[in-house]
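The values are calculated or read from the model by the stated rules, or taken from the named source; none is laboratory data. These numbers were taken from a predicted model, which means no experiment stands behind them. Cβ placement follows ideal geometry from the backbone for every residue including glycine, while neighbour counts extend to all protein chains displayed.
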Amino acid sequence: MNIDLHCHTNLSDGVLTPDQLLDLAVERDIKMLSITDHDTLDAYSEITLFPPSIEIITGIEFSSQWEKLGVHVVGLNLNLSSSDLNDAVLMQSKIRSDRAQKIAEQLRKLGFKGTLAGAKGLASNQIGRPHFAQYLVEMGAVKDSKEAFRKYLGAGKPGDIKEDWPNITKVIDWIRASGGVAVLAHPKKYKMTRTKLVSLISDFCAAGGEGIEVVSGQQTPQETRELAKLANQFSLMASCGSDFHTPDNKWASLGRISNLPDICTPIWNAWM
């Protein structure tokens, strides 16, 4: 069965609308899908028709931190009416809004005026660094988004504003309070040593986390095998997701991911 439990729409940092994403999922014969936009649930209210061929699992990707490092936690099978969940989304939205203003101020100091309004005009919902990058391209300051990140928005650059995201324990509490399952997203993306990754997973489990993304887009087979072993070591259920954002990225293509290794316990056992 084709399953993808991590993807994004234009309501966070993806490019497709929720309906367009679902159309692509139908085209690719995906049978179980979760839209996991960053810190927002808005995609679910934007969907005009839920395809009968796809089991939709409600989801979100929360920004959090662990030992001052940014870590993402996916929540799956959520009760969208949960007051805890909706309060959490409002809190995260405020942090993102404040961050956008700080990025705009840094760019203003570099001589780029009106970037906040420009980024807002390009964003369907939340404003992120990709929207600032796109606006810098449109105003002729850079030739493409890669140059914008390399010069102004990437790691260590003026527009790389670090926010005080909630710790993983708080985020996991939000997810569990809404009836969901907390999953550590794309562990290999953090570029940690094995020792540090094991420490993160240990703390994640202690906080109530129940799953880990064993299969993720832009990940090697060796990394998948390593994560499968870690999932078993810590008795975590295994999830899989492309981390799809755009059809232009063939390495994170919707539904085009490998199967979970046979040694894993699938995360969907939690709700099936």
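Of all residues in region 73-122, those that are outside the structural domain of residue 42 (by TED's automatic domain parsing), under 20 Å from the mean Cα position of the chain (by Cα) and at positive phi total 0. How many residues does region 133-163 contain that are over 18 Å from residue 109 (Cα atoms) and in contact (Cβ under 8 Å) with a residue 12 or more places away in the chain? The qualifying residues number 4.
Please find, within region 23-45, the residue that is surrounded by the fewest Cβ atoms within 10 Å (Cβ to Cβ) out of those that are more than 19 Å from residue 238 (Cβ to Cβ) and among the β-branched types (Val, Ile, Thr).
The extreme case among them is 26.
Taken over region 206-233, residues that are closer than 21 Å to residue 36 by Cα and surrounded by fewer than 17 Cβ atoms within 10 Å (Cβ to Cβ) amount to 2.
In region 105-132, how many residues are of a type in the set (Val, Ile, Thr) and either free of Cβ contacts under 8 Å to residues at least 12 places away in the same chain or under 14 Å from residue 12 (Cβ atoms) (or both)? Before you say what the answer is, go through the steps one by one.
Going through region 105-132, the residues of a type in the set (Val, Ile, Thr) turn out to be 115, 127.
Those left that are additionally either free of Cβ contacts under 8 Å to residues at least 12 places away in the same chain or under 14 Å from residue 12 (Cβ atoms) (or both): 127.
The total comes to 1.
Selection of region 85-122 for residues being within 16 Å of residue 141 (Cβ to Cβ) and basic (Lys, Arg) yields 108, 109, 113. Consider region 234-266 and keep the residues that are touching a helix residue (DSSP H, G or I) at 6+ places or on another chain (Cβ under 6 Å) and of a type outside the set (A, V, I, L, M). The one that is surrounded by the fewest Cβ atoms within 10 Å (Cβ to Cβ) is 234.
Is there a residue being without any contact (Cβ under 8 Å) to a residue 40 or more places away in the chain, aromatic (Phe, Trp, Tyr), buried (at least 20 other Cβ atoms within 10 Å of the Cβ) and not in a strand (DSSP E or B) anywhere in region 46-56?
Here is the first cut: in region 46-56, the residues without any contact (Cβ under 8 Å) to a residue 40 or more places away in the chain are 46-56.
Those still in the list that are aromatic (Phe, Trp, Tyr) too: 50.
Add one more test, that the residue is buried (at least 20 other Cβ atoms within 10 Å of the Cβ), and what stays is none.
Looking through region 46-56, none of the residues is without any contact (Cβ under 8 Å) to a residue 40 or more places away in the chain, aromatic (Phe, Trp, Tyr), buried (at least 20 other Cβ atoms within 10 Å of the Cβ) and not in a strand (DSSP E or B).
No other residue among 140, 70 is of a type outside the set (Phe, Trp, Tyr), at positive phi and surrounded by fewer than 14 Cβ atoms within 10 Å (Cβ to Cβ) apart from 140.
Among the residues of region 254-261, none qualifies, meaning not one is in a helix (DSSP H, G or I) and of a type in the set (Lys, Arg).
Condition check ((1) under 30 Å from residue 225 (Cα atoms); (2) touching a strand residue (DSSP E or B) at 6+ places or on another chain (Cβ under 9 Å)) across all residues:
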residue: 120; (1), (2): no, no
residue: 126; (1), (2): no, yes
residue: 136; (1), (2): no, no
residue: 148; (1), (2): no, no
residue: 167; (1), (2): yes, yes
residue: 170; (1), (2): yes, yes
residue: 176; (1), (2): yes, yes
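Would you check if residue 101 is without any contact (Cβ under 8 Å) to a residue 24 or more places away in the chain and either assigned to a helix (DSSP H, G or I) or surrounded by fewer than 18 Cβ atoms within 10 Å (Cβ to Cβ) (or both)? Yes; evaluated as a whole, the condition is true for this residue.
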